[in-house]
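Data block below; observations after.
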Amino acid sequence: MSEPILQVQNLTMDFGGIRALNKLDLTVHSGEIAALIGPNGAGKTTFFNCVTGIYKPTAGDIFLTPGKGEKTISIKGLKPNIVTGKGLSRTFQNIRLFPKMTVLENVMIGRHCRTKTFILGAIFRTPRARREERGILLHSYRLLEKVGLAESANDFAENLSYGAQRRLEIARALATEPHLLLLDEPAAGMNPQETEDLNALIREIATDGLAVLLIEHDMKLVMSLSQRIFVVDYGSKIAEGTPEEIRSNPAVIKAYLGE
Amino acid sequence: MLRLRKYEEEEMITAKDIRRILLVSGWFMILTFPILGMRVDPLSDNIIWRLKNVMWVGIGTAVLQSLPHLWPLCLSMQAWVIRLWHRLMGTPAHKIVPKKAHRDSLISRVITNPRQRAIVCAVVLLLTIIYPQVVDEYQINIMIMALLYIMLGLGLNIVVGMAGLLDLGFVAFYAVGAYTYALLNLHYGFNFWMALPIGGLFAGIFGLLLGFPILRLRGDYLAIVTLGFGEIIRVVLENWTELTNGVAGIVNIPGPTFFGLGLTPSQKILYLYYLMVVFVVITIFVVNRLQDSRLGRAWLALREDEIACQAMGIDKRRTKLAAFSLGAFWAGIAGVVFAAQNRSVYPVSFSFLESAMILSIVVLGGMGSIVGVILGALILILLPEYLRELSQYRMLFFGAILVLMMIFRPQGLISVVRRKYDIDSIKAEEKEGKA
């Protein structure tokens, strides 16, 4: 098995008296597609928010290994933008694009953390700044081609269809050059055809050596995509394994269907 | 405009509307009756009934209410006139073209077309250069004021329009710039050109200092704190008499020098005017470049969605502070020019009303739009000057404009035109790269 890219140990998150995550252990390996499933309110999105730095976890450790042979670093408690800089990017459950910016600009925002031009570079448009800007543009456009949105590059993000907005979010997240991509319910609200396309897209992304961890309720998609599945309920991990193992796991069936 | 279009589709005026109009008018008459309808005559102790007033209230309310219903009437009359015209001219039916549904506005088309934009810019620049030759000094002075406000508006536009941080204390940085020049000149004899960069930098540093504590605040809270900061600066200027000479202000500030040459007063005004034009052009140039840069995009993203913005790797702190200090820098420069133009500074020039004025320029013109801000400044500064006879209604007029804007064009006179990238050239370059 390849080396781990994200190691989460003993992760606990309390909101006042409510324990949203309870001593969660989870490891994602590089190049794999893993899924995080569980009933509504199980703490899946809270887990994402803790890992990406939007919440500060109450206890536990989060380690990220950005790329092969890189040193493992703790990303617990780091600010979201720093975490993204380390090579971990995400999409949101309720789409959070920049609606009044164009599709291309949305992706270009993702390039922000990989580029440097600041005030003076922007004002004087130095050769370096110009090269960088061109690079941002080309890279972003290529990503749009990848997710199939190149035609609407100059449209406003808010005018895209729902499925297209989801794909744009993925493109934007990819623009930050992540080693691990967290997808929060990428297929929510998609029709079967769109889900099928999404399936192919995620597979294509993963072939580039990127690890993907997704939260998803569409079991067909989860079972066909992921190599490993984690099941959480009431903030605790209740099962982990291959799709076949999860399908026949009594604890999972109990959590989803009741006794 | 949305509202108007809705009415178009509906029936013009229904029985229900009439009933509502009558009801509201009746209510207004009852409500205003005690104040407007009767008066006690103190001499004879009699009550004077003034039913005419109440009647006018009723009629006025009814007319105001039916105004929105009149618009579709106008539209249908227009359509009717056009039909009549076609019938009289005997135009064949297939030649009657319905109005085009949607087109980009003229201005946004001009802005996006580089050639047209260059021509328009050249013409406008030419007009500004010729302008002082054809008008008198008074007009030039007003124009200098307007140019000053364009600069202030463009500075605030960075903070409010692009980064979406509602700053109600912008005038504080303007004051910092003006007083920097005044004090440096008074104590150390700095001239205009030496004080100019220092004033801007000083204001920028103040922007940075104010930026730190309010990084976490958003929306209304941010507005309140910046409002407070603006007032604090003014109150300090008023009360720190040893340093600032208090409300008496600082006088005898020299105007800008011209390579040490002595200028006559009228030449000085002309000189200041052209200086202002140069400053404004530089400001437009810089703001325009910032807008299309990595930083400009980050500001926009910050305005749209702070959390998504951070999740995409943008440093919220750095980006916000950059917006604050850059905006403040421009206000500082404008402040130095203001001090040099007026030859004196008083704390009263930097009241909240001034902040509100600059904010109105940005909102009226169109948040984030450079052309919009320029237009907004020209309207709000020049119009009151030319309508001096109506000066007592100025504030009423002002409020009415803003209310109407909020209803009919919340995006401002000229909405922002997002840059369209040339996809074909990207494609071509990509092929080159692959080959």
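The values are calculated or read from the model by the stated rules, or taken from the named source; none is laboratory data. Quantities reported herein were computed from a predicted structural model and do not represent experimental measurements. Reconstructed Cβ throughout: ideal geometry from the backbone, glycine too, with neighbour counts over all protein chains shown.
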Report the residue count in the range A:23-71 for those that are under 17 Å from A:Ala239 (Cβ atoms) and part of a strand (DSSP E or B).
10
Contact list, first residue from the range A:166-192 and more than 13 Å from every other protein chain (Cβ to nearest Cβ) and surrounded by fewer than 23 Cβ atoms within 10 Å (Cβ to Cβ), second anywhere and part of a loop (DSSP other than H, G, I, E, B) and of a type in the set (D, E, K, R), beta-carbon distance below 9 Å, six or more apart or interchain, is A:His179/A:Glu70; A:Glu185/A:Glu216; A:Glu185/A:Asp218; A:Ala188/A:Glu216; A:Ala188/A:Asp218; A:Met190/A:Asp218
Filter result for B:Ala146 (at pLDDT 90 or above and either of a type in the set (S, T, N, Q) or under 30 Å from B:Ile269 (Cβ atoms) (or both))
yes
Subset of the range B:345-355 (residues that are crowded, with 16+ Cβ neighbours inside 10 Å and under 17 Å from B:Arg394 (Cβ atoms)):
B:Glu354
Starting from residues that are in contact (Cβ under 8 Å) with a residue 24 or more places away in the chain and within 14 Å of chain B (Cβ to nearest Cβ), keep the ones in the range A:28-51 and report whichever is surrounded by the fewest Cβ atoms within 10 Å (Cβ to Cβ).
A:Thr45
Test B:Gly376 against the stated conditions and say whether it is within 14 Å of another protein chain (Cβ to nearest Cβ) and at pLDDT 85 or above.
no
Only one of A:Ala188, A:Ala153, A:Ala171 that is on the phi < 0 side of the Ramachandran plot, aliphatic (A, V, I, L, M) and more than 20 Å from the chain's Cα centre (by Cα)
A:Ala153
Enumeration of residues in the range A:176-210 that are assigned to a loop (DSSP other than H, G, I, E, B) and under 24 Å from A:Thr46 (Cα atoms):
A:Thr176, A:Glu177, A:Pro178, A:His179, A:Glu185, A:Pro186, A:Ala187, A:Ala188, A:Gly189, A:Met190, A:Leu210
Looking only at the range A:94-114, decide whether some residue is surrounded by fewer than 16 Cβ atoms within 10 Å (Cβ to Cβ), within 20 Å of the chain's Cα centre (by Cα) and closer than 20 Å to A:Cys50 by Cβ.
yes
How many residues does the range A:207-259 contain that are in contact with a Lys or Arg (Cβ under 9 Å, 6 or more places away or on another chain) and among the aromatic types (Phe, Trp, Tyr)?
2
Restricting the range A:52-102 to residues that are in contact with an Asp or Glu (Cβ under 8 Å, 6 or more places away or on another chain), among the β-branched types (Val, Ile, Thr) and within 11 Å of chain B (Cβ to nearest Cβ), which is nearest to A:Leu11 (Cα to Cα)?
A:Thr91
If B:Arg103 satisfies all but one of (1) modelled with pLDDT of 75 or more; (2) part of a loop (DSSP other than H, G, I, E, B); (3) basic (Lys, Arg), what's the number of the condition it fails?
(1)
What do you reckon, is A:Gly17 touching a Ser or Thr at 6+ places or on another chain (Cβ under 7 Å) and farther than 30 Å from B:Ala163 by Cα?
no
Kindly indicate whether A:Ile229 is within 18 Å of the chain's Cα centre (by Cα), surrounded by 16 or more Cβ atoms within 10 Å (Cβ to Cβ) and more than 24 Å from A:Thr46 (Cα to Cα).
no
Of (1) at pLDDT 90 or above; (2) closer than 22 Å to B:Ala122 by Cβ, B:Phe338 fails just (2)
Filter the range B:31-54 for residues that are surrounded by 13 or more Cβ atoms within 10 Å (Cβ to Cβ) and not in a strand (DSSP E or B) and give the result.
B:Thr32, B:Phe33, B:Leu36, B:Gly37, B:Arg50, B:Asn53, B:Val54
Enumeration of residues in the range A:78-87 that are part of a loop (DSSP other than H, G, I, E, B) and either crowded, with 20+ Cβ neighbours inside 10 Å or over 18 Å from the mean Cα position of the chain (by Cα) (or both)
A:Gly87
Counting only residues in the range B:391-435 that are closer than 16 Å to B:Gly372 by Cβ and within 14 Å of chain A (Cβ to nearest Cβ), the one farthest from the chain's Cα centre (by Cα) is identified as B:Arg419
Odd one out for B:Arg388 among (1) within 14 Å of another protein chain (Cβ to nearest Cβ); (2) exposed (fewer than 11 other Cβ atoms within 10 Å of the Cβ); (3) basic (Lys, Arg)
(1)
Every residue in the range A:104-146 that is more than 7 Å from chain B (Cβ to nearest Cβ), touching a helix residue (DSSP H, G or I) at 6+ places or on another chain (Cβ under 6 Å) and over 18 Å from A:Ser89 (Cβ atoms), please.
A:Gly121, A:Ala129
Say whether the condition of being closer than 21 Å to B:Met194 by Cα, among the small types (Gly, Ala, Ser) and within 21 Å of the chain's Cα centre (by Cα) is met by at least one residue in the range B:336-349.
no
Give me a count of the residues in the range A:227-236 that are farther than 12 Å from A:Ala20 by Cα and assigned to a strand (DSSP E or B).
4
Name every residue in the range A:13-27 that is more than 16 Å from the chain's Cα centre (by Cα) and touching a residue at least 12 places away in the same chain (Cβ under 8 Å), in order of residue number.
A:Met13, A:Asp14, A:Arg19, A:Ala20, A:Leu21, A:Asn22, A:Lys23, A:Leu24, A:Asp25
